[in-house]
Amino acid sequence: MPVLPFMENLLALEAETKYLLSASDRSYEEKLMQELLRIFKEAELLFGPRDTSFQLSVPRITECATSRSYIFRPFRTTRIYLSRDAKTKPWLASLELAHESVHVLSPVAFGGTLTILEEGLAEWFAQRYAGRIHDLSFDRGPNPKADAVMKAVSTLLAKKQSVIKDLRTRQPVISKIDEKLLVEVAGVERSQAKFLCSDFKTYWRTPSPWSDVAAQGAERLAACLRSIWETTK
């Protein structure tokens, strides 16, 4: 969950600017696109078809601390932006591509609620894919909120891995799957269904001192502007 979404958005904009203004080698991004297409084949087998009314754009490497996906609804396109470390860490690129692919399966409208179910599913799938491709293991971390999300999703999928595909025949958009469907179709306890359908951002958000936010924001904005300036020189 990014601490400074506004500044991270600026860094995604920077990536687009650098792409348009520079003549650098695009082969790595094309390689990422090929991997993304392979990932979608696996994701669709598990979770059902992607909404193909949105065209997939080639992923971009950014200076962001985390990955993110954008939905450009007027143009019916989607793009995944990877973090700065994904350029030098193939395992991280795979992890981020797989995570964001779940969000792109059934895009949520701008301002819509991203549920714990969708975010947990994205991370479960990302760890599963990157673990197999790069022979990695993922241990439970010290964050109790992350543990609760992963436990809830893992428990759901342990009963039947195709449960999301079944649910999406009734409600194609993952974050719109409601408590009633989880109880009726997946046999989930109502308290757990309520947890899975709750707003992930509200659940994850933790207070941050304004001074820290301002300092980090100024630093990232300056880095963004310097990078664009260097590109245009």
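The values are calculated or read from the model by the stated rules, or taken from the named source; none is laboratory data. Keep in mind that what you see is a predicted model, and the values were worked out from it rather than measured. Ideal geometry is used to build each Cβ from the backbone, glycine not excepted, and the neighbour counts take in all protein chains shown. To get the accessible areas, we keep the full protein, side chains included, count just its heavy atoms, and leave off ligands, DNA and RNA. Shrake-Rupley method; radii C 1.70, N 1.55, O 1.52, S 1.80 Å.
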| Rounded to 5, percent antiparallel among DSSP beta bridges of the stretch 25-102 | 55
| said: How charged is the neighbourhood of Asp178? Take every other residue with its Cβ under 11 Å from the Cβ of Asp178, and add Lys/Arg as +1 and Asp/Glu as -1. | reply: +2
| remark: One would report the antiparallel percent of DSSP beta bridges in the stretch 31-166, rounded to the nearest 5, as 55
| message | Per 0.36 nm of contour for each residue apart, how much would the distance between Arg205 and Asp85 grow if the chain were fully extended, relative to their Cα-Cα spacing? | response | 40.8 nm
| request: Return the long-range amide H neighbours of Leu114 (sequence gap of 5 or more, or a different chain), with a cut-off of under 5 Å between placed amide H atoms. | output: Phe200, Lys201
| field | Stretch gain in nm, segment Lys194-Lys160, where the contour uses 0.36 nm per residue and the Cα spacing is subtracted | value | 10.3 nm
| Pairs of lysine residues in the stretch 76-187 - Cα separation under 19 Å, sequence separation of 8 or more or cross-chain | 6
| query | For labels at Lys180 and Asn143 in the simple 7 Å Cα→Cβ model, what's the distance in nm? | reply | 3.3
| If you roll a 1.4 Å probe over the stretch 82-213 with all protein chains in place, what percent of the accessible area is carbon or sulfur? | 54
| Excluding ligands, DNA and RNA, what is the solvent-accessible area per residue of the stretch 115-178 at a probe of 1.4 Å, expressed in Å²? | 51
| said: Only sites in a loop by DSSP and with at most 11 other Cβ atoms within 10 Å count here; which chymotrypsin sites (Phe, Trp or Tyr not before Pro) in the stretch 55-120 make the cut? | reply: Phe110
